[in-house]
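In what follows, a structure is listed as structure tokens, so that the remarks can point back to it.
The values are calculated or read from the model by the stated rules, or taken from the named source; none is laboratory data. Quantities reported herein were computed from a predicted structural model and do not represent experimental measurements. Every residue, glycine among them, receives a Cβ derived from its backbone with ideal geometry; neighbour counts consider all protein chains shown. Accessible surface areas use protein heavy atoms only, side chains included; no ligands, DNA or RNA. Shrake-Rupley method; radii C 1.70, N 1.55, O 1.52, S 1.80 Å.
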Amino acid sequence: MLFTVSVVVQLPAHSALAGPLSYSSEQALAPGTLVRVPLGRRETLGVVWDAAPQPDGAQLKPVASVLEGIAPLDAAWRHLVGFAAGYYQRALGEVALAALPPQLRELDAAQWQRRLQRKSRKAEAATEAEAPPPQPTEEQKQALSRIRSEEGPFLLYGSTGSGKTEVYLRAVQEALAADPHGQALVMVPEINLTPQLEERFVARFAPAFGRHALVSMHSGMTPAQRLASWLAAHQGSARIVLGTRMAVFASMPGLRLIVVDEEHDPSYKQQEGARYSARDLAIYRGRLESRHSGQPCRVLLGSATPSLESWHHSRPAAEGGKYQRLAMPSRVGAGRLPAVRLVDMGQQPRNTQLAPQLMAAIGARIARGEQAMLLLNRRGYAPVLACGSCEWKSACPHCSAYRVFHKIDRSLRCHHCGFAERVPRACPECGDVDLAPVGRGTERLEEHLAQLFEGIERPGAEGEDRRVRVLRIDADSTRHKGALEEQLAQVHAGAVDVLVGTQMIAKGHDFRRITLVAAVNPDGALFSSDFRAPERLFALLMQAAGRAGRDASQGAVSEMWIQTAHPQHALFAALRRHDYPAFANDQLAERMQACMPPFSFQALVRADARTQQAAQAFLTQAASTASELPGADQIVVYPAVPTAIQRVANVERAQMLVESASRGALQQFLAAWQAVLHSTRRDGGIEGVLRWAIDVDPLMV
Ligand code: ADP
Ligand code: ZN
Ligand code: ZN
């Protein structure tokens, strides 16, 4: 007897087929079974989805093989994937297959068998037990007891250094202790932050559970490592998964706890393909897992500067809040938050890089053997190179952006398309040799500091060691594998006096000797057209401030310096008081007035084309019938506009914003509009349109 099975596969983009395909099989295959099936001329990995009715008389192709020895993906996982595909307006097969490790897609049945039979080569290396875990503080105890007794989701709103990680560790401990098959998923925004988190989790859990009980999942791993981690999580031998946003799709049959650290971080939003928010999916997944397994799966979001969405959701239940807010305002060990000092750059000579009073303060820190950290969110030497005699500037020929001057290799590099050239000897327009950098990046700041410190000796040091040691950490300095770890180790070991870097150094790191942090030029974000820019700036500055004074035994009062031409700005006033709630409530009031998220829901449709005109014409035409679509009476469709950087790599980009006070109406509308977008692309007769995509809940508008 032959069975019909419906199988989800990855179809070519914009394929006419949608949804699962039907195949025949000699076995009745359970939903979630991994199979290989013929598709056109090739064979591809698929997931058996829920049963489909037998189409009359259809000659179905048979399933080619079943991946034996691997349990079917469970209903909660399939439900999560189905939800994500629907919500983010992507094909089911695309989301399902992208959620599986790439190597799994490539192995045929025979290779798969060999893979399964291969003995795990890993020795179960003995791990040293960490020093006994610290006694939780009163605030930590409070938070943990609520996580134990309430349902959540929880927003752990804890100052930088309040010991949020210790709460995660203990919450994980309790989740695993409550159920011998229980599993926990812990997500961090950036791959850079995984090694140190991993270290703390390994130290805490490897002695009791074995090293193999913890696995990582992030894009820096080899395909073989990713497959191994995925299998361990799927089979349940991994009790703890630590990962970046992709880990939200990990198959974890015993999932009892999901932690999202630094939940406000934009890195949780995928910016291509299915543009999902791992933070939002974590909330949804927690509910799903609880429903499917009948056992609670808690979700714990943590941040010192929560996203305004999460802050709003965690308002008191009486006001409609859905999350439980757990506050931990105090720093562990009484290391106080830094005193915030504003330097009015309007009072400084033009082009001042570092105000003299800031330099003096840095010098004083060095003299005491402490460290300083300077934040400048722009890598390279200068954002623009310009001619002194004519109008020439280092524009990228392929993008509507300037190429950045990198002095180290004397190149002009476009940070959008990657186009790079050696710096010309003379102006390409007028031949003048007087080409000058405009503005500054981390490289230039590093050079400036080295000049300022030349001839200044560190007290108590000898020989070469007397020089002040400046280290730059940014995407350029850490390009090579292992470079970041090595550079961070230098900072931790005290082999660095002044650390210069981009936002990379502001997040999460538990630096113990930094007592002064300075934001060199944060003003750009104050007047951005993106309504989320102030939120991101405030979070970044609070995070940066949080790197200072983490060790009270240092004794010194720590400082956060801010160089700004707008010292009166309300954002800085709130920052000065470390008053996130005041800032958040102000912003929320503004957003409510303007009907912006979280008081409305948005989606962007982006189009790429050979000309800006074509990109906009495509969007405009697709929107011409929008008013007839379901949900349209509750939707506002804005006109098509160029994106902030409208040309990248010779492709013109336009976008159209769609907004509604009702998430349901927006979803309904988008689902119907997708078909219109497809047919406009196919039959609309507009030349030169390359691609389009929907971004639901976009972060950059
Ligand atoms: P956060 O993630 O909130 O910034 P961490 O979890 O990194 O803070 O904790 C800050 C520091 O305090 C760490 O060095 C951590 O080991 C220490 N710590 C956390 N909880 C306790 C505690 N209950 N007792 C003593 N030290 C603690
Ligand atoms: Zn010139
Ligand atoms: Zn470019």
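Scan the range 389-412 for residues that are part of a strand (DSSP E or B), under 20 Å from E652 (Cα atoms) and under 26 Å from the mean Cα position of the chain (by Cα) and jot them down. It would help to see each step written out before you state the result.
To start, the set of residues in the range 389-412 that are part of a strand (DSSP E or B) comprises 393, 395, 402, 404-406, 411-412.
If we keep only those that are under 20 Å from E652 (Cα atoms) too, we end up with 395, 402.
Hit for the range 389-412 is Y402, nothing else.
Take C390 and tell me if it is of a type outside the set (D, E) and closer than 18 Å to T643 by Cα. Before you say what the answer is, go through the steps one by one.
On the way: of a type outside the set (D, E): yes; closer than 18 Å to T643 by Cα: no.
No.
Within the range 567-581, which residues are open to solvent by less than 30 Å² (accessible area, probe 1.4 Å) and either without any contact (Cβ under 8 Å) to a residue 40 or more places away in the chain or in contact with a helix residue (DSSP H, G or I) (Cβ under 7 Å, 6 or more places away or on another chain) (or both)?
Within the range 567-581, L571, A574, L575, Y580 meet the criteria.
Residues in the range 328-342: is at least one modelled with pLDDT of 95 or more and over 18 Å from Q563 (Cα atoms)?
Within the range 328-342, one or more residues are modelled with pLDDT of 95 or more and over 18 Å from Q563 (Cα atoms).
Look at the range 389-402 and say how many of its residues are open to solvent by 50 Å² or more (accessible area, probe 1.4 Å) and away from ligand 3 (no atom under 16 Å from the Cβ).
The qualifying residues number 2.
How many residues, within the range 601-640, are among the polar types (S, T, N, Q) and touching a Leu at 6+ places or on another chain (Cβ under 9 Å)? Working first, answer last.
First pass over the range 601-640, keeping only residues among the polar types (S, T, N, Q): 602, 611-613, 616, 620-621, 624-625, 627, 634.
From the residues that got through so far, the ones that are touching a Leu at 6+ places or on another chain (Cβ under 9 Å) too are 602, 634.
Selection size over the range 601-640: 2.
Looking at A525 and the list (1) more than 14 Å from P338 (Cα to Cα); (2) assigned to a helix (DSSP H, G or I); (3) open to solvent by 20 Å² or more (accessible area, probe 1.4 Å); (4) in contact (Cβ under 8 Å) with a residue 40 or more places away in the chain, which single condition is not satisfied?
A525 satisfies every listed condition except (4).
Looking only at the range 32-48, count every residue that is at pLDDT below 95, part of a loop (DSSP other than H, G, I, E, B) and open to solvent by less than 70 Å² (accessible area, probe 1.4 Å) and tell me the total.
Here the count works out to 1.
Filter the range 312-343 for residues that are assigned to a loop (DSSP other than H, G, I, E, B) and within 16 Å of ligand 1 (Cβ to nearest atom); which is farthest from S162 (Cα to Cα)? Show your work before the answer.
Our first condition is that a residue be assigned to a loop (DSSP other than H, G, I, E, B); within the range 312-343, this holds for 314-316, 320-323, 329-331, 335-338.
Pick out the ones that are also within 16 Å of ligand 1 (Cβ to nearest atom) and you get 329-331, 335-338.
Numbers: P329: 7, S330: 6, R331: 4, G335: 10, R336: 10, L337: 10, P338: 14 Å.
Among them, the one singled out is P338.
Just one of R413, R379 is more than 16 Å from ligand 2 (Cβ to nearest atom), of a type outside the set (D, E), out of contact with any Ser or Thr (no Cβ under 7 Å at 6 or more places or on another chain) and closer than 30 Å to Q543 by Cβ; which is it?
Details: R379 fails: out of contact with any Ser or Thr (no Cβ under 7 Å at 6 or more places or on another chain).
Sole residue among the options that is more than 16 Å from ligand 2 (Cβ to nearest atom), of a type outside the set (D, E), out of contact with any Ser or Thr (no Cβ under 7 Å at 6 or more places or on another chain) and closer than 30 Å to Q543 by Cβ: R413.
Does P136 meet the test of being at pLDDT 95 or above and either open to solvent by less than 70 Å² (accessible area, probe 1.4 Å) or β-branched (V, I, T) (or both)? Don't jump to the end; show me each part of the working.
Numbers: at pLDDT 95 or above: yes; either open to solvent by less than 70 Å² (accessible area, probe 1.4 Å) or β-branched (V, I, T) (or both): yes.
It is true that P136 is at pLDDT 95 or above and either open to solvent by less than 70 Å² (accessible area, probe 1.4 Å) or β-branched (V, I, T) (or both).
If I filter the range 372-383 for residues that are within 28 Å of the chain's Cα centre (by Cα), within 16 Å of ligand 1 (Cβ to nearest atom) and closer than 29 Å to H566 by Cβ, do I get at least one hit?
Restricting attention to the range 372-383, the residues satisfying the condition of being within 28 Å of the chain's Cα centre (by Cα) are 372-383.
Cutting the leftovers down to within 16 Å of ligand 1 (Cβ to nearest atom) gives us 373.
Narrowing the set further to residues that are closer than 29 Å to H566 by Cβ leaves 373.
Yes, because at least one residue in the range 372-383 is within 28 Å of the chain's Cα centre (by Cα), within 16 Å of ligand 1 (Cβ to nearest atom) and closer than 29 Å to H566 by Cβ.
So is R204 at pLDDT below 95 and away from ligand 3 (no atom under 16 Å from the Cβ) or not?
Working: at pLDDT below 95: yes; away from ligand 3 (no atom under 16 Å from the Cβ): yes.
So R204 fits the description; yes.
Go through the range 344-388 and count every residue that is surrounded by fewer than 21 Cβ atoms within 10 Å (Cβ to Cβ), in contact with a Leu (Cβ under 8 Å, 6 or more places away or on another chain) and in a strand (DSSP E or B).
1
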